[in-house]
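To keep things clear, I will list the structure first and then write my remarks on it.
The values are calculated or read from the model by the stated rules, or taken from the named source; none is laboratory data. Note that the structure is predicted; figures quoted are calculated from it, not measured. Surface accessibility is based on the protein's heavy atoms, side chains included, excluding ligands, DNA and RNA. Shrake-Rupley method; radii C 1.70, N 1.55, O 1.52, S 1.80 Å.
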Amino acid sequence: MVNPDVIRSILGIIGNVTSFCLFCSPAPTIWRIFKNKSVEEFKFHPIVAGIINCFMWVFYSMPFVHPHSILVTTINSVGLVMYICYNLVYLRYANNQKRKSMCIYYLAEVVFLAALICITLLAFHTHTSRSTFVGIFCDVFGIILYGAPLTIMYKVIKTKSVEFMPLTLSLAGLSNGVVWSAYAFIRFDPYILIGNGVGAILAVAQLILYACYYGSTPKEGKPVKDLVKPTAPQAPQVQMMTVSAV
């Protein structure tokens, strides 16, 4: 009979691979920003939120909070470094107004994380209570980040274009959610399960939307305005995708 812990470890390794692919998802956008030396209309919120999301999962997986979670620690540590790099590039080419806004978010994250760590270590004294307290916050942020690409759904429906919601990211999000949900089932972890279960459902919603509007998406060189009724010019609402690793 196969040892459940062995299966869990294998799923964790596969989950590390799918999560790494998702952490790489903002890279083309960041490269475009670097190449054009402009952040254009790309939003910074997902990559800023990616930092706190990865940090929280690293903290959650610490031995004094939730033991036996080394595979959660490894991939989110890598993700944390990657998101810091993304933020540095974005800061380099953002205007002063966006830089100030980002700094406010950074300050809020530092204050929140400092409070979370102090409360966890001083007010809770068992693995179960610490896991519960930190896990709830991890789930909240994870669900928000998994659903981040859905914020552009109105734009997709209005322009009948999925240009800024790539199929590969939705597929990777689905596979990542399914793998980590299975991982959480073997040695039951409700916090990893809830976040990734919801993430898998949201990825399915993205795929359905993609299937509905792929055919009407303009190919390269064909303007989007040909597909919508003439209206006053509007700035495109472009969003980078960020995700939870677990």
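Taking a temperature of 25 °C and a viscosity of 0.890 mPa s, what whole-number D in µm²/s does Stokes-Einstein yield for region 1-73 with Rh from Kirkwood over alpha carbon pairs? The diffusion coefficient I find is 167 µm²/s.
Summed over the residues of region 88-189 and divided among them, the accessible surface reaches 53 Å² per residue at a probe radius of 1.4 Å.
Quick one: order Arg32, Arg130 from most to least accessible surface, probe 1.4 Å.
Values: Arg32 90, Arg130 35 Å².
So, going from the largest accessible area down, we get Arg32, Arg130.
For region 47-151, the alpha-carbon radius of gyration amounts to 1.15 times the rule-of-thumb value 2.2 N^0.38 Å expected for a compact globular protein.
Hey, can you find the accessible area per residue of region 1-46 for me, probe 1.4 Å, expressed in square angstrom? Present the calculation step by step, with values, prior to reporting the outcome.
Working: 2650 Å² over 46 residues.
Accessible area per residue: 58 Å².
Derived scalar couplings between HN and Hα for region 198-207 equal 5, x, 5, 5, 5, 5, 4, 4, 5, 5 Hz in order, rounded to whole Hz, by the Karplus curve 6.51 cos²θ - 1.76 cosθ + 1.60 (θ = phi - 60°), x for Gly and Pro. Using θ = phi - 60° in the Karplus curve 6.51 cos²θ - 1.76 cosθ + 1.60, the 3J(HN,Hα) couplings for region 108-113 round to 4, 5, 4, 4, 5, 5 Hz; x is entered for Gly and Pro.
The accessible-area ordering, largest first, of the residues Glu41, Glu109 stands as Glu41, Glu109, per a 1.4 angstrom probe.
Comparing Cα centroids, region 163-199 and region 65-129 end up 20 angstrom apart.
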